[in-house]
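Taken together, the values in this text are just the output of simple stated rules run on the coordinates, not laboratory data. Small disclaimer: the values here were computed from a predicted structure and weren't measured. Glycine also receives a Cβ, built like all others from the backbone with ideal geometry; neighbour counts cover every protein chain displayed.
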Amino acid sequence: MGVAPAGIEASNTGHHHLIVDAPTPAAGAPIPADANHLHFGGGQTETTIELAPGEHTLQLVLGDFLHRPHDKAVVSEVITITVE
Ligand SMILES: [Cu+2]
């Protein structure tokens, strides 16, 4: 898969979404945009975020030009981190 900005329709591309403390987004619907669902619609491939101390889960989900997970979702494992 390649990275393309949101709104750009090209096969086998998408943009990253970082899911924080939320379940894997459902297939076929746009990924919500809120504090738990961060969109990198500019095609960014890195970021810095600040989280409250404690345990958090993180997952990357690639979304298509309309922010929907691909048919056969391209997702990372869910990882758990502890912020001190
Ligand atoms: Cu998006």
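Annotations for the structure displayed:
- Label point at residue 3 placed 7 Å out along Cα→Cβ; residues across the range 39-63 whose backbone nitrogen lies under 15 Å: 39-49, 60-63
- Antiparallel DSSP beta bridges within the chain, percent to nearest 5: 90
- Taking 7 Å steps out from each Cα toward its Cβ at residue 60 and residue 11 produces label points 2.4 nm apart.
- When you filter the GluC sites (Glu not before Pro) in the range 39-73 for DSSP loop state and at most 12 other Cβ atoms inside 10 Å of their Cβ, you are left with 46, 50.
- Square roots of 5 times each gyration tensor eigenvalue, C-alpha, the chain, largest first, Å: 23, 13, 10
- Highest-MSF residue in the chain out of 27, 73, 52 [GNM, Cα springs under 10 Å]: 52
- Basic side chains Lys and Arg get +1 at the Cβ, acidic Asp and Glu get -1 at the Cβ, and with that the dipole of the chain about its Cα centre reaches some 300 debye.
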